[in-house]
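Rule-based calculations on the coordinates, nothing more; no lab input. Keep in mind that this is a model prediction, so the values were computed, not measured. We place every Cβ from the backbone using ideal geometry, glycine too, and count neighbours over all the protein chains shown.
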There are 2 protein chains.
Amino acid sequence: MTTIYDIAKATEYSITTVSKVLNNYPNVSEKAKKKVLQAVEELGYTPNSSARTLATNKSWMIGVVFAEHLGVGMAHPFFSEVIESFKKQVELYDYDLLFVSRNMGLQKRTYKHLKHRGVDGVVVVQSLGEEAIEYSTSKLPTVFIDMPIEKSSAVYSDNKQGGMLAVDYLYGLGHRKIAHIAGRDTMFTAVERTRGFKLATREKGLTIPEQYIVDGGYYSYEGGREAMVRLLGLEAPPTAVFVAGDEMALGAVKVIKEAGLRVPEDISVIGFDDIPLSKHVDPPLTTIRQDKQLIGQQSAVLLLDKINGLSKNNQDKIVPVQLIKRNSCSAL
Amino acid sequence: MTTIYDIAKATEYSITTVSKVLNNYPNVSEKAKKKVLQAVEELGYTPNSSARTLATNKSWMIGVVFAEHLGVGMAHPFFSEVIESFKKQVELYDYDLLFVSRNMGLQKRTYKHLKHRGVDGVVVVQSLGEEAIEYSTSKLPTVFIDMPIEKSSAVYSDNKQGGMLAVDYLYGLGHRKIAHIAGRDTMFTAVERTRGFKLATREKGLTIPEQYIVDGGYYSYEGGREAMVRLLGLEAPPTAVFVAGDEMALGAVKVIKEAGLRVPEDISVIGFDDIPLSKHVDPPLTTIRQDKQLIGQQSAVLLLDKINGLSKNNQDKIVPVQLIKRNSCSAL
DNA sequence: TTGTACGCGTTATCAT
DNA sequence: ATGATAACGCGTACAA
């Protein structure tokens, strides 16, 4: 391996001068600069980031803690888009992303591991957070996506508003018997969407029987199926259902079809997320779109500011959602 | 920050002993081990990976070079599953994944950057590779996914076989006028799938007019649309079409429907990949499934062996594909 | 079994 | 403008 010592020897300058050239320091002659740069090129020198990190205490890496509880990991249709956007933003400032291994059983150690790696900051991408507190009590700059954490920054969609938008739309279409397939209430996003649902129905003067709100679990296709089965088994099934996640909504649609009913003619369905899939299914799914691009970008900005000490106090960024009308809902 | 010196001071042992305890070296007394471990716990010591990497020349990081030419980056439905599987495998051996920034314009520098970071190995996940040669000529252990590179290891599906399977199936269903929407021929996977198509049709004694093979670009939905439009414009349109990618196939299906035709009654469509979407669309897409899980796992094994010097010579691993019958194809 | 001392490649302080 | 030299935190010959 070639080091600054090699460059120093080749150019007959000291390592100090070499280092200064490499880091664009002011006090170096043009001549020195030229010679050094040339030697760098000729010898194919590449700086060693470990040594630099050791000396500067700055790694230019951002640790990524990814949703694990869904099994799919980084193949998650929503989170992968968010993190891609996040990556694009931090790349602008030369940060790399470190996806840390989490096979160490105890969650306690993933935070330790991040410290071990010396990452400059951490982004936690998950809707569920047992270990959240560890991060917030630490000194590692951290930003959470999809869940607010006390004493830490977070970025998430306006979930409540999304729930309200869905109900308003359905109500406007003439629906009165509106059901809700909710996410498990251990997730902040799920709770908020349900809250929006309840708020809006109340606002409209609707009385929703409690069987109309059913737990669909962790936003999975299967969870949506099971929930919809329950809904169809009711004495008075709903004419419309707001499903808290798109994958879950697809499961629900499937069950409706299997029961010999049609979407949206018999039952209207509206989802949440707008994953890539949604516009391709039949019927194309009406849904509440989360702005993944903006979520990723905003969380990057927040984290970078924290890392650079520009924002001392924590803050939450709430990203607007948007109703995407497709063909899974119709007037009554 | 607390270092081994702090532990040494607290336990009244030397840093050597501390280091040995931390690394499970043989020659340490139980007593020393106990005291050190306790101090580690009390002082909340976390080893510094940069220092360790600097001293051992081993980073326990694997660099990931991801497909960029499709725009979606890590949100790619196929690659994200592969890399997730890869991650699971390397995690077993305590490696972390480093997704490096690539905003530096010239591709030349992404390889430099990897060296700078001191990663122990590199996995290149893309079907297109202008810069492939750089890796193969370097000393960095590298494994390519989806494209074979001379003097380097690679893992990819049996694309040719996939093309043949598709044709055989269609032929068995009675189809004779079989078209092919191919991927751009700059991609190895595309070339192979087309080769399989040609081989099989020839085998069956079919003569395929050259307008039946149309370039759909880089496996995109839009590319599939455009290609299908061309196919439908033909004097004698095909009764079946083998599309080299699922997203592309969905675009094709869409166009067929828009033309007032039905899938599969009027035109049968078979895709390639089996992305999560495929089973949910209407009709559920018959396709050639790539074993993403195995591809990821195998490439990890290959790379790890290379890193550990267990396999000196390069090798390619070809992963079997599988026909998944759903409802987008029917007998003539 | 334990400890001393040096090296890993850089940055940074302080002279010159 | 340039250069010695001391950190940064850890691993490891070598000695004791």
Rounded to the nearest 10 degrees, the helix B:159-172 long axis (Cα) sits at an angle to the longest Cα principal axis of chain B of 30 degrees
State the Cα centre-to-centre distance between the range A:220-276 and the range A:17-71 in whole Å. 54 Å
Cβ-vector label at 7 Å, A:Y93, separations to other copies in nm: 3.5
Any idea what angle helix B:79-91 forms with the longest principal axis of chain B, computed on alpha-carbon atoms, 0 to 90 degrees, nearest 10? 30 degrees
For A:K58, what charge total do you get from the other residues with a beta carbon under 13 Å from its beta carbon, if Lys and Arg give +1 and Asp and Glu give -1? -1
With an 8 Å cut-off on Cα pairs and a minimum separation of 6 or more residues, tell me the relative contact order of the range A:159-290 in percent. 24 percent
Taking the rotation axis that maps chain A onto chain B, which residue of A brings its Cβ closest to that axis, and at what distance in whole Å? A:D282, 2
Per-residue [θ]222 nm for chain B (sum of -39500 (n - 2.57) over DSSP H runs n ≥ 4, rounded to 500): -12500 deg cm²/dmol
Take the Cα atoms of the range B:147-217, find their three principal axes, and give me the spread along each one in whole Å, biggest first. 42, 21, 15
Would you kindly give the portion of the calculated P(r) for chain B that falls above 29 Å, as a percent of all Cα pairs? 49 percent
Quick one: which of B:254-260, B:3-9, A:205-211 comes out on top by average Cβ neighbours within 10 Å, and what's the full order, highest first? B:3-9, B:254-260, A:205-211
Using a Gaussian network model of chain B whose springs link C-alpha atoms within less than 10 Å, name the residue from B:G163, B:G118, B:G271 with the highest mean-square fluctuation. B:G118
Given the C-alpha centroids of the range B:185-218 and the range A:288-332, what is the distance between them in whole angstrom? 44 Å
Take peptide B:89-99, look around each residue's Cβ out to 10 angstrom, count Cβ atoms belonging to other protein chains, and average those counts. 5
Dividing the mean separation of Cα pairs under 8 Å (6+ apart) by the residue count of chain A yields a relative contact order in percent of 17 percent
Proximal charge balance of A:D215 [Cβ under 12 Å; K/R count +1, D/E count -1]: -1
If you take every DSSP beta bridge fully contained in the protein assembly as shown, what fraction is antiparallel? Give it as a percent rounded to 5. 10 percent
Taking only Cα atoms, what is the 0 to 90° angle, nearest 10, from helix A:221-232's long axis to the longest principal axis of chain A? 20 degrees
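Give the average, rounded to an integer, of partner chain Cβ atoms located within 10 angstrom of each Cβ in A:71-77. Write down the numbers at each step before the final one.
Values: counts 1, 4, 7, 10, 14, 3, 5.
Average per residue, whole number: 6.
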Hydrodynamic calc, the range B:4-47: Kirkwood Rh from Cα pairs, then Stokes-Einstein at 4 °C with viscosity 1.567 mPa s, so D in µm² s⁻¹ is 131 µm²/s
If the reach is capped at under 19 angstrom between alpha carbons, list the aspartates and glutamates near B:K35, excluding any in the same chain fewer than eight residues apart. B:D6, B:E12
Quick shape summary for the range A:219-322, equivalent ellipsoid via Cα gyration tensor, semi-axes whole Å in descending order, reads 37, 13, 10
Between B:K279, B:K139, B:K160, which gets the highest mean-square fluctuation from a Gaussian network model of chain B, Cα cutoff 10 Å? B:K139
How far is B:T207 from itself in the other copies, in nm, if each label sits 7 Å out from Cα along the Cα-Cβ line, shortest first? 7.8
Mean separation of Cα pairs under 8 Å and 6+ residues apart, divided by the residue count of the range B:1-125: what relative contact order is that in percent? 26 percent
Across the identical copies, how the B:G172 labels are spaced - nm, sorted shortest first, 7 Å along Cα→Cβ: 5.1
Taking only C-alpha positions in the range A:267-306, Rg and Dmax in angstrom work out to 14.4, 47
Would you please classify the overall shape of the protein assembly as shown from the alpha carbon gyration tensor, given that a ≥ b ≥ c denote the square roots of the eigenvalues, rounded means a/c under 1.5, and beyond that prolate means a/b larger than b/c while oblate covers the rest? oblate
No solvent, one uniform scatterer per C-alpha: report log10 I(q)/I(0) for the range B:159-290 via the Debye equation at q = 0.11, 0.13 1/Å, two decimals. -0.30, -0.43
First select every other residue whose beta carbon is under 14 angstrom from the beta carbon of A:Y171; then total the charges, Lys and Arg +1, Asp and Glu -1. +3
Per residue of B:118-127, what is the mean number of Cβ atoms on other protein chains within 10 angstrom of that residue's Cβ? 1
